[in-house]
Amino acid sequence: MKDLALPGIDDYAAAHSWAESDTCRALREETHRTMQFPQMVVGSLEGAFLKMMVRLVNATRILEIGMFTGYSALCFAEALPEDGRITTCEIDEKPAVLARKYFAKSPHGGKIEIKMGSALDTLRPLTGPFDLIFIDADKVNYVNYYRRALELVSASGAILIDNVLWSGDVLKQPPPDQSTAAIQELNRVVAADSSVDAVLVTIRDGVLVVKPKSVKCEA
Ligand SMILES: C[S@@+](CC[C@H](N)C(=O)[O-])C[C@H]1O[C@@H](n2cnc3c(N)ncnc32)[C@H](O)[C@@H]1O
């Protein structure tokens, strides 16, 4: 993943934001030592942004699609109230082993429920509403995840979608690969969706923040 900000800017922003917990720091460091693609972790600055979103929408129920080693799930859990809960989806057992290890160490780990398997299968029987839904799994399914998230999000909640700048590759035409094409399609779909308001925040690799416009049935 390319750095899209000026050198040093993200570190400066992180140093002036909600501090990373010791458990999150240790998890991020072990992920970097032991996993093949550690850059998939959202990191300290985006982690602070996610925690702030929990507070801004007063979330008590969160759904995450794409857990990896559990860094973002733990950020969410740390910001949730005691009775808050997060359900997180993951298909790969290897990062889940590390996630479980750190959830067990954290006083907030009990708020996290892991659902192993293909996220589309996991999402099908879930019932909402969720106050926050974070989409951060396979990019080719982003539009599918977005459509299901619209059904599951609460009227006062929000959907957050990660990596929507894709290291700047969203500017390329034609798209160089399937993932880029899928992210470009997702960004088009959201921009054309009159049922939501959205802002593409240029933090790290881009986070699309999507909010349903009107009151909807929460069943
Ligand atoms: C970018 S990483 C998530 C990073 C995590 N949110 C964090 O910041 O710590 C994406 C994860 O989605 C998982 N994934 C990919 N395709 C999936 C699928 N179809 N169902 C569930 N998980 C999937 C991958 O195994 C990977 O661990």
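Step through the table entries Lys2/Lys213; Lys101/Lys139; Lys105/Lys211; Lys115/Lys213; Lys2/Lys211; Lys51/Lys101, compare each Cα-Cα distance with 23 Å, and write down the pairs that go over it.
Violating the 23 Å limit, Cα to Cα: Lys2/Lys213; Lys101/Lys139; Lys105/Lys211; Lys115/Lys213; Lys2/Lys211.
Of the DSSP beta bridges with both residues in the chain, give the percent that are antiparallel, rounding to the nearest 5.
Numbers: 10 of 29 bridges.
Close to 35 percent.
How large is the charge dipole for the stretch 74-162, taken about the Cα centre, if only the Cβ atoms of Lys, Arg (+1) and Asp, Glu (-1) carry charge, to the nearest 20 debye?
In debye, rounded to 20, the stretch 74-162 gives about 140.
May I ask you to evaluate 6.51 cos²θ - 1.76 cosθ + 1.60, the Karplus curve with θ = phi - 60°, for each residue of the stretch 169-183 and list the ³J(HN,Hα) values in order in whole Hz, giving x for glycine and proline?
Along the stretch 169-183, the couplings run 5, 4, 7, 7, 10, x, x, x, 7, 5, 5, 4, 4, 5, 6 Hz.
Each label point is 7 Å from the Cα along the Cα-to-Cβ direction; what then is the distance between the points at Asp22 and Glu93, in nm?
Label at Asp22, label at Glu93, 3.3 nm between them.
Only Cα pairs within less than 10 Å get springs; with that Gaussian network setup on the chain, which residue of Val207, Val153, Val199 has the largest fluctuation?
Val199
What is the set of long-range amide H partners of Ala155 at a cut-off below 5 Å, with H atoms built 1.01 Å from backbone N?
Lys216
Would you work out what percent of the accessible area of the stretch 14-117, with all protein chains in place, is carbon or sulfur (probe 1.4 Å)?
53
Dipole magnitude of the chain about its Cα centre, charges +1 at Lys/Arg Cβ and -1 at Asp/Glu Cβ only, in debye to the nearest 20?
280
Which of the listed residues, Trp166, Leu4, Cys75, is farthest toward the dipole's positive end in the chain, when Lys, Arg count +1 and Asp, Glu count -1 at the beta-carbon?
It is Cys75, whose Cα lies furthest towards the positive end.
Given Val143, Val207, Ile112, which one lies farthest toward the positive end of the charge dipole of the stretch 72-210, if we put +1 on the Cβ of every Lys and Arg and -1 on the Cβ of every Asp and Glu?
Ile112
For the chain, how big is Rg over Rh, using alpha carbon atoms and the Kirkwood form of Rh?
Dividing the radius of gyration by the Kirkwood radius yields 0.94.
Tell me, what ³J(HN,Hα) does each residue in the stretch 84-101 have, in order and in whole Hz, if you take phi through Karplus 6.51 cos²θ - 1.76 cosθ + 1.60 with θ = phi - 60° and put x for Gly and Pro?
Rounded to whole hertz, the list is x, 9, 10, 9, 10, 10, 8, 9, 9, 5, 4, x, 5, 4, 5, 4, 4, 4.
Can you tell me how much longer the chain between Ile9 and Glu151 gets when fully stretched, taken as 0.36 nm per residue apart minus their C-alpha distance, in nm with one decimal?
So the chain would gain 47.5 nm between Ile9 and Glu151.
Using Cα-Cα distances under 8 Å and only pairs 6 or more residues apart, what relative contact order does the stretch 1-128 have, in percent?
Normalised by residue count, the contact order of the stretch 1-128 is 22 percent.
Step through the residues of the stretch 59-65 one at a time and calculate ³J(HN,Hα) from phi using the Karplus curve (6.51 cos²θ - 1.76 cosθ + 1.60, θ = phi - 60°), rounding each to whole Hz and writing x for Gly and Pro.
Calculated HN-Hα couplings, in order: 5, 10, 10, 10, 10, 10, 10 Hz.
Let me spell out the model: positive unit charges on the Cβ of Lys and Arg, negative unit charges on the Cβ of Asp and Glu, origin at the Cα centre of the stretch 19-73. What dipole size does that give, in debye rounded to 20?
Around 140 debye, computed over the stretch 19-73.
If you take the beta carbon distance between Ala198 and Arg33 as r and set R0 to 45 Å, what does 1/(1 + (r/R0)^6) give as a FRET efficiency, to the nearest 0.05?
0.80
Can you give the accessible area per residue of the chain, in Å², using a 1.4 Å probe?
On a per-residue basis, 48 Å².
The values are calculated or read from the model by the stated rules, or taken from the named source; none is laboratory data. These numbers were taken from a predicted model, which means no experiment stands behind them. All Cβ positions, glycine included, derive from the backbone under ideal geometry; neighbour counts span all protein chains shown. Side chains are part of the model used for accessible areas, which takes the heavy atoms of the whole protein and leaves out ligands, DNA and RNA. Shrake-Rupley method; radii C 1.70, N 1.55, O 1.52, S 1.80 Å.
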